[in-house]
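Enquirer: Sharing a structure here in structure tokens format.
The values are calculated or read from the model by the stated rules, or taken from the named source; none is laboratory data. Everything numeric in this text was worked out from a predicted model, so none of it was measured. FYI the Cβ positions are ideal-geometry reconstructions off the backbone, even for glycines, and counts take in every protein chain you see. Just the protein is used for accessible areas: all its heavy atoms, side chains included, with ligands, DNA and RNA removed. Shrake-Rupley method; radii C 1.70, N 1.55, O 1.52, S 1.80 Å.
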Amino acid sequence: MINATLKALSQQLAAKAVSSEELAGLYLDRIAALNPTLNAFISVDRDKTLAEARAADALRAAGQAGLLAGVPIAHKDIFCQQGWKTSCGSKMLDNFISPYDAHVVEQCRAAGLVTLGRTNMDEFAMGSSNENSFYGPVKNPWDLAAIPGGSSGGSAAVVAARLAPVATGTDTGGSIRQPASHCGVTGIKPTYGVVSRYGMVAYASSLDQGGPLAQTAEDCALLLNVMAGFDQRDSTSLERAKEDYSRDLNAPLNGLKIGLPREYFAEGLSADVAGVVDGAIAELKKLGAEVVEISLPNTQLSIPAYYVIAPAEASTNLSRYDGVRYGHRAAEYKDLVDMYEKTRAEGFGAEVKRRIMVGTYVLSHGYYDAYYLKAQKIRRLIANDFKAAFEQCDVILGPVAPSAAFNLGEKSGDPVQMYLSDIYTLSVNLAGLPGMSVPAGFAANGRPVGLQIIGNYFGEAKMLNVAHQFQQATDWHTKAPAL
Amino acid sequence: MSLTHQDVARIAKLARIAVTDEEIVAVGAQLNNIFSLIEQMQAVDTDGIEPMAHPQDVSLRLRDDVVTESDRRAAFQAIAPQVENGLFLVPKVIE
Amino acid sequence: MKWEVVIGIEVHVQLNTASKIFSGASTAFGAAPNTQASAVELAFPGVLPVLNRAVVDKAIRLGLALDAKINQKNVFARKNYFYPDLPKGYQISQMELPIVEHGKIKILVGDQEKVIGVTRAHMEEDAGKSLHEDFHGLSGIDLNRAGTPLLEVVSEPDMRSVDEALAYVKVLYALVTWLGICDGNMQEGSFRMDVNVSVRPEGQKEFGTRREIKNLNSFRFLEQAAKYEIQWQIDTLEDGGKVQQATVLFDPDSGETRMMRSKEDAHDYRYFPDPDLLPVRISDEQIARIRADLPELPGAMQARFVESYGVSAYDAALLTSSLKQAEYFEAAAKASGQGKLAANWVNGEIAARLNRDGKEIGDCPIDAARLSGLIVRIADGTLSSKLAKQVFEAMWDSELSADAIIERDGLKQVSDVGAIEKMVDEAIAANPKAVEEFRAGKEKALNALAGQVMKASKGKANPAQVQEILKQKLA
């Protein structure tokens, strides 16, 4: 039961083979047993979860249950959820009980999904290793010495460890794809504007996008059906007709044109990962796909451009945490400015402060053109690279990260080393394209490796189709860590 | 380009983050590493390229002028650090 | 040395929308603290701004009235600074691409017409309020006003005197209320002015160093503050001192300005396009629709009043100081058929009485129809100007028409030749000395006789007729 997919669970619930309450109890027991080791959840509330499960059972008894009603889900602690602590991995919001729901949470609630708890994450989604959480790092379920990836490390870990069948995540520079890759689960970051950002604590507004993490592409499609949709409270939410992201899952891949960007297979890619990706490509060729070499010449520039744009937006998005209306306030201060400075020095962790300072500097007087404007121009060049590439192919494939998960503490002293490992994921966010990670094998040290699929704008259904066909032919996604 | 300790202190002040003298030294070194990475951008010719602020080239959607919110002060202030008579209290504001 | 004053003005015009600029919270004034601050105004985590359509429409309305350029693509930016009444730590405003640019406002000072350039007008959100009453040495923050839509209207430094500055803000005030985009309630802060003042030796090309007087909410304060500031700057320079660029506050109690912050501690606002909001795009159709919906503007109406009613340019400017005033005048002028007389009464007696009672034209106890009744009786000779004032006084305190008061008080001017002749004869008979003097060439003696006749008629005799008949009789 604990290894069942979202789809299988929904079928069992529909068949009344299990009740939502029983299912929730099963997961809660497993969380109680394993979370002390993994540290993947920040908040778990047994009573609340069981109450939600009983409500789902009542809906089912009344014949009003939808497809996913009663299935448990874990929410990244970045989505505001009424009555739950929404900390965003920060001391700043350690006492913040949200008075409202994010759009994503509302949609999940309306679908009858049952909240198992709130997953750990890098503080304010800033990080690639989950070591930046106020609540301590999440351990990789495959190897407790390894990082789970970040920032949605808790969400990826709970799905991998079977502490939840599905979880929500957010991706600003790879924060769904990279932990999905490191934990051996499937995750998709949709096209910017597909999932509402309302109630999703902002890191970098023009890059942030919510998405699902699950065992399979099919489950991702089902959960994305729930999470996506127009929301008038987010000015960047796109007004588009509702899509069924699972509609093309079973389409054959004959004639599919796969673009392989030269720059993604160049120096810096570990042999382990290169081997896994090559294997996956060979598999897809067997399924009828064709391969073309493409170029994304400005890939290298995505790192500096991202580390200007994201911190700039973040530096002002995080100005609201001032200890006046909610959240942490310093205990002692001598005046207003002192209160602000102490509150923020105490409430934010080191990486968040670094990014706020970088962002503050690049926007400050006299530097705007040289940094922020320049980065936005490079952003355009990067988007143009993809535009040209998609004239030659249907999807782009490549690695998610240069290597499998590194060890906890290995890079935490050197922010720049950490930033460099985001090389294959950042450009997708800068361009606003959809991207996903699909389990595709293991490194020599036994840590999972994901395959990245990048789609054209609104190409989610096509990507999920490729991923699903791959998962029909392989069993990497069914592997679970021994815990 | 290299950030001086004075620059770091100024940025921290602008960002309202208290930093000790030791932190200025440590953070200054990290920021300089980050900026040496960022400086790679300067080698690229971007003349005539239009800056890209958003992934989608769409216009702002507008909302009708209708009152839709009701008073939720009690719920909102239940999690406030310090309130009195419905006001948020802060150290004296000097104009 | 002779000094030239240079003034530029920024006005924050509160737009009279029902809901806030970026949320559905109410903008109504005077609610209990923080009851109209939604999650958006409180800047809770994850909440986002959604622009109110009415704000854009009203901005376009003003832009068209200023004969300005409407930027069909305009962009919101974040202005970053920390302040407890600014919950996000930034104000959403417009910087590089405002909605309105290059407008103009025509002012009249004395009989001199002058055009003042309007650099730009941009949309932005208001901040909350810090209350400094004693909360155990703390300040209280009320965010009800946060997110109220503002148009910041920025002038060129085109004004050269306090009178010009006053004329400019009054014309702008008339315009925004005329257009119905602002309630004009200055006590509640609906029209707040920042005045940039500098002085330079006459003939010098470069501007002097300016100081900005912040947040004036009445024309009287603007006048006092600007006059004080100009004198202070001149005194400082003549004493060999230097004016430092600074922001100052006006203290109405002392009548003085005092420094709030110098340029050294000026903010670094770190403006950049707000990534939560996309560019605002305005179609040709939208502009055309708003243009078609514009009322006749004060300038056009002034020209028409001069043309159709023969009033002076000066009177026309006064009459159009508000839409209500203009409508009042035109109703009275049309009903009475006496434009000039109507203008004299509206700008004269009525303005004086309203001013004395601290009232607006909308509260005038005599409506336009009743005023025209009075004017008609002046024009047809029933009332002398002296009697007219008497009737006016009576009308002010009652709801009676001019005719009813004339009837009740018997105030009709006597123009009956027979009756006047009789009184003239009596006066001649009773004042032989005056008659003699007049016949001896002393013209003044005629006035004494006329005075006797007027006295006998209790002021009701038509004075012109009295003079005429006296002259005939004594010829």
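Enquirer: Nothing charged except the Cβ atoms of Lys and Arg (+1) and of Asp and Glu (-1): what's the magnitude of the dipole of chain A about its Cα centre? Round to the nearest 20 debye.
Expert: Rounded to the nearest 20 debye, it is 340 debye.
Enquirer: Given labels modelled 7 Å from the Cα in the Cβ direction, how far is it in nm from residue A:473 to residue A:51?
Expert: Placing both labels 7 Å beyond Cα along the Cβ direction yields 4.9 nm.
Enquirer: Using all Cα-Cα distances in segment C:417-474, what percent lands in each 5 angstrom bin from 0 up to the longest?
Expert: 4, 22, 38, 23, 10, 2
Enquirer: Could you name the aspartates and glutamates whose alpha carbon sits less than 12 Å from that of residue A:189, not counting residues in the same chain fewer than 8 places away?
Expert: Excluding near neighbours in sequence, the set is A:171, A:208, A:460.
Enquirer: Distance between the C-alpha centers of segment A:153-203 and segment A:338-383? Whole Å please.
Expert: Cα centres, segment A:153-203 to segment A:338-383: 24 Å.
Enquirer: Something else now. Mind checking segment C:114-162 for trypsin sites (Lys or Arg not before Pro) that DSSP puts in a loop (not H, G, I, E or B) and that have at most 14 other Cβ atoms within 10 Å?
Expert: Of the trypsin sites (Lys or Arg not before Pro), the ones in loops of segment C:114-162 whose Cβ has at most 14 other Cβ atoms within 10 Å are C:160.
Enquirer: Another question about this same structure. Fully extended, how many nm does the chain gain between residue C:425 and residue C:160 (0.36 nm per residue separation, minus their Cα-Cα distance)?
Expert: So the chain would gain 89.1 nm between residue C:425 and residue C:160.
Enquirer: Assuming R0 = 25 Å, can you tell me the calculated FRET efficiency for the pair residue C:135 and residue C:357, based on Cβ-Cβ distance, to the nearest 0.05?
Expert: Here the calculated transfer efficiency is 0.05.
Enquirer: Which sequence of A:182, C:102 reflects their accessible areas, 1.4 Å probe, from the largest down?
Expert: C:102, A:182
Enquirer: OK, next. Please list, by residue number, every one of the trypsin sites (Lys or Arg not before Pro) in segment C:197-233 that is coil in DSSP and has at most 15 other beta-carbon atoms within 10 Å.
Expert: In loop regions of segment C:197-233 (DSSP not H, G, I, E or B), the sparsely surrounded trypsin sites (Lys or Arg not before Pro) are C:205.
Enquirer: Charges at C-beta only: +1 for Lys and Arg, -1 for Asp and Glu. How large is the resulting dipole of segment C:39-120 about its Cα centre, in Debye rounded to 20?
Expert: Here the size comes out at about 180 debye.
Enquirer: Could you state the principal axis extents of the C-alpha atoms in chain B, from the largest down, to the nearest angstrom?
Expert: Largest first, chain B extends 54, 45, 26 Å along its Cα principal axes.
Enquirer: If you don't mind, there's one more thing I want to ask. How many Å³ per residue does the convex hull of the Cα positions in segment A:122-204 occupy?
Expert: 90
Enquirer: First measure r as the distance between the Cβ atoms of residue B:62 and residue C:324, then evaluate 1/(1 + (r/R0)^6) with R0 = 45 Å and state the FRET efficiency to the nearest 0.05.
Expert: With a Förster radius of 45 Å, E is 0.90.
Enquirer: Just to be sure I understand: with springs between alpha-carbon atoms less than 10 Å apart, which residue in B:75, B:29, B:18 has the highest mean-square fluctuation in the Gaussian network model of chain B?
Expert: B:75
Enquirer: In Å and from the alpha-carbon atoms only, list the Rg and Dmax of segment C:1-113.
Expert: Considering segment C:1-113 through its Cα atoms, Rg and Dmax are 18.1, 60 Å.
Enquirer: Moving on to the next point. If I model a spin label at residue C:262 and residue A:445 as a point 7 Å from the Cα along the Cα→Cβ vector, what separation in nanometres do I get?
Expert: 5.8
Enquirer: How large, in Å, is chain A by the Kirkwood hydrodynamic radius built from its alpha-carbon pairs?
Expert: Result for chain A stands at 22.1 Å.
Enquirer: Continuing with this model, one more query. Please check which bits of segment B:71-85 a label hung off residue A:95 would reach, taking the label as a point 7 Å along Cα-to-C-beta and the cut-off as backbone N under 13 Å.
Expert: B:78-83
Enquirer: Could you work out, residue by residue across A:233-245, how many beta carbons of other chains sit within 10 Å of that residue's beta carbon, and then give the average as an integer?
Expert: The shielding value for this peptide is 4.
Enquirer: Taking the Cα centre of each part, how many Å lie between segment A:13-56 and segment B:79-95?
Expert: Cα centroid of segment A:13-56 versus Cα centroid of segment B:79-95: 40 Å apart.
Enquirer: Something else: What ³J(HN,Hα) values, in whole Hz, does the Karplus curve 6.51 cos²θ - 1.76 cosθ + 1.60 give for segment C:18-30 when θ = phi - 60°, with x put for Gly and Pro?
Expert: 7, 10, 6, 5, 10, 8, x, 6, 6, 9, 4, 7, x
Enquirer: Among A:112, A:418, A:155, pick out the residue whose Cα is farthest towards the positive end of the charge dipole of chain A, where Lys and Arg carry +1 and Asp and Glu carry -1 on C-beta, about the Cα centre.
Expert: Result: A:112, furthest along the dipole toward the positive end.
Enquirer: In addition: Averaged across C:87-93, how many Cβ atoms of other chains sit within 10 Å of each residue's Cβ atom?
Expert: 4
Enquirer: Could you give the length gained by full extension between residue C:439 and residue C:204, i.e. 0.36 nm per residue of separation minus their alpha carbon distance, to one decimal place?
Expert: 77.8 nm
Enquirer: Sticking with this one: Along each of its three principal axes, how wide is the spread of alpha-carbon positions in segment A:361-483, in whole angstrom units, largest first?
Expert: Sorted from largest, the Cα extents of segment A:361-483 read 54, 41, 19 Å.
Enquirer: A further question follows. Between residue A:58 and residue C:399, what FRET efficiency follows from the Cβ-Cβ distance if R0 is 60 Å, with the result rounded to 0.05?
Expert: Working from the Cβ atoms, E equals 0.30.
Enquirer: Provide, as a two-decimal number, the C-alpha radius of gyration of segment A:66-105 over 2.2 N^0.38 Å, N being how many residues it has.
Expert: Its radius of gyration relative to the 2.2 N^0.38 Å reference: 1.29.
Enquirer: Could you give the Stokes-Einstein D for segment A:30-94 in µm² per second, using the C-alpha Kirkwood radius, 37 °C, 0.692 mPa s?
Expert: Approximately 240 µm²/s, per Stokes-Einstein.
Enquirer: Using amide H atoms built in the peptide plane, which far-off residues or other-chain residues are under 5 Å from residue A:205 H to H?
Expert: Sorted by chain and number, the residues that satisfy this come to none at all.
Enquirer: OK, next. Using θ = phi - 60° and the Karplus relation 6.51 cos²θ - 1.76 cosθ + 1.60, list the HN-Hα couplings for segment C:188-200 in order, rounded to whole Hz, with x at every Gly or Pro.
Expert: Calculated HN-Hα couplings, in order: 8, x, 6, 8, 10, 10, 10, 10, 8, 10, 9, 10, 8 Hz.
Enquirer: Once the cut-off is 58 Å, how many percent of the Cα-Cα pairs in the protein assembly as shown end up in the long-distance tail?
Expert: 28
Enquirer: Hey, another quick one. Given the options A:441, C:48, A:212, identify the residue whose Cα lies farthest towards the positive end of the charge dipole of the protein assembly as shown (+1 on Cβ of Lys, Arg; -1 on Cβ of Asp, Glu).
Expert: It is C:48, whose Cα lies furthest towards the positive end.
Enquirer: Can you give me the distance in nm between label points at residue C:111 and residue C:473, each placed 7 Å from the Cα along the Cα-to-Cβ direction?
Expert: Taking the two extended label points, one gets 4.3 nm.
Enquirer: How many Cβ atoms of partner chains, on average, are near each residue of C:49-57 if near means within 10 Å of its Cβ?
Expert: So the per-residue partner count for this stretch is 5.
Enquirer: Roughly how compact is segment C:297-400, stated as its Cα Rg over 2.2 N^0.38 Å to two decimals?
Expert: Its radius of gyration relative to the 2.2 N^0.38 Å reference: 1.00.
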